[in-house]
Amino acid sequence: MGKKFMFRVPEGEEIVEFLTRFLVSQDIRAGIILGVGSLEDPEVGYFDREKKEYITKTLKGTYELVTLIGNVSIKNGKPFLHVHVSLGDREGKLYGGHLIRAKVFVAEIFIEELDEKLERRKFGSLYLWDPINLDSGS
Amino acid sequence: MGKKFMFRVPEGEEIVEFLTRFLVSQDIRAGIILGVGSLEDPEVGYFDREKKEYITKTLKGTYELVTLIGNVSIKNGKPFLHVHVSLGDREGKLYGGHLIRAKVFVAEIFIEELDEKLERRKFGSLYLWDPINLDSGS
Amino acid sequence: MGKKFMFRVPEGEEIVEFLTRFLVSQDIRAGIILGVGSLEDPEVGYFDREKKEYITKTLKGTYELVTLIGNVSIKNGKPFLHVHVSLGDREGKLYGGHLIRAKVFVAEIFIEELDEKLERRKFGSLYLWDPINLDSGS
């Protein structure tokens, strides 16, 4: 419990698939994740509340990975990564959203395992945790 | 000391008010905070050094909460949250600044309590901690 | 091992130089770093894979430091900071990339020391860690 990891993802890997494989290999079922680096052809999503689905966009080329922030919890019994990214182009302009996939050029990643039991279940069309209830202290 | 929390803020809550209420309920007086999600009508600020005040802007609609980063310390004797956010629109363009308020659609939050005594006091028109002094080792 | 720090960098300091001095003073050889604040005349870089060098850009004026995320490891025997930033202008538009230098107006920084041995060595024209090898479990 509470293990911490810092590592570089090998160049050429698909980042979401690789990190999920890392979580499974280490049996991490809850945690936080942070990272910086540079990604190729990242695909990001924006959740459209009316259409109840992600609108996705692929940014062609290589972008600075300015932020990668997310968490690990359980979905359908398995470790699941929820990650958002911001991405910088050569002019320094930023783009981003929900990370769907990207090819790694450089990715320096920190993961901290947490002692939480958080499981995603379906709320409408999103998989979410039960919300916290401040009044009951849970 | 050193408690860690990961939770989802209920939909519809005003995020700054809700998180401050969480800090008080848990008696967290110093810490860091990270988050991702989706916010409605976020209001962000830019501190204008000449006017010595925040210029604020409300972004109408729902935005991906690409990053929420901030800290907890004491201001006027009470836990105080200082948070900056970046926000993505449906085109994947990013906006952001100092978070003033926003309505939660989804907010997945991590808070780590720290064993620090940091109190904000007035420096000009901002409430800040005393700066660190590297030479004295403090 | 595992020390945590939260502090404000004094106004007017060059942030990368100051934080590196902090790392040396505390003998921190691996870690993560997070921050928010406001920076003056930040210079950011985008790594051009064809030219194999950073394209740099100085943003004139004061910007909200919306995110500072990075890590600490060893390069040439000394603690080395690798940091990316996103920066907001008065319209709330964001810019960013690899942080080269910036003058501090306000910088509230969190550093957590990690028990890792990560050393940068030259891969092409970048100083990187050896990539993790999932199959060997390392």
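The values are calculated or read from the model by the stated rules, or taken from the named source; none is laboratory data. No experiment lies behind these values; they were computed from the predicted model shown. Glycine also receives a Cβ, built like all others from the backbone with ideal geometry; neighbour counts cover every protein chain displayed. Just so you know, the surface numbers come from the protein's heavy atoms only, side chains and all, with ligands and any DNA or RNA stripped out. Shrake-Rupley method; radii C 1.70, N 1.55, O 1.52, S 1.80 Å.
Points worth noting:
- For the stretch A:89-103, a residue qualifies if it is open to solvent by 50 Å² or more (accessible area, probe 1.4 Å) and farther than 14 Å from A:GLU43 by Cα, and the qualifying residues are A:ARG90, A:GLU91, A:LYS93.
- Output for the stretch A:104-127, where each listed residue is crowded, with 21+ Cβ neighbours inside 10 Å, more than 7 Å from chain B (Cβ to nearest Cβ) and closer than 18 Å to B:PHE7 by Cα: A:ILE111, A:GLU112
- In the stretch C:1-51, the qualifying residues are those that are among the β-branched types (Val, Ile, Thr) and more than 13 Å from the chain's Cα centre (by Cα), and the one that is most open to solvent (accessible area, probe 1.4 Å) is C:VAL24.
- Some residue of the stretch A:64-75 being closer than 28 Å to C:GLU112 by Cβ and of a type in the set (Lys, Arg): yes
- Some residue of the stretch C:128-138 being facing chain A (nearest Cβ under 8 Å), touching a helix residue (DSSP H, G or I) at 6+ places or on another chain (Cβ under 8 Å) and open to solvent by 50 Å² or more (accessible area, probe 1.4 Å): yes
- Selection of the stretch A:46-64 for residues being facing another protein chain (nearest Cβ under 9 Å) and in a loop (DSSP other than H, G, I, E, B) yields A:ARG49, A:LEU59.
- Within the stretch B:102-132, the only residue that satisfies the criterion of being acidic (Asp, Glu) and without any contact (Cβ under 8 Å) to a residue 24 or more places away in the chain is B:ASP130.
- Residues being among the aromatic types (Phe, Trp, Tyr) and open to solvent by less than 50 Å² (accessible area, probe 1.4 Å) - total across the stretch C:52-65: 1
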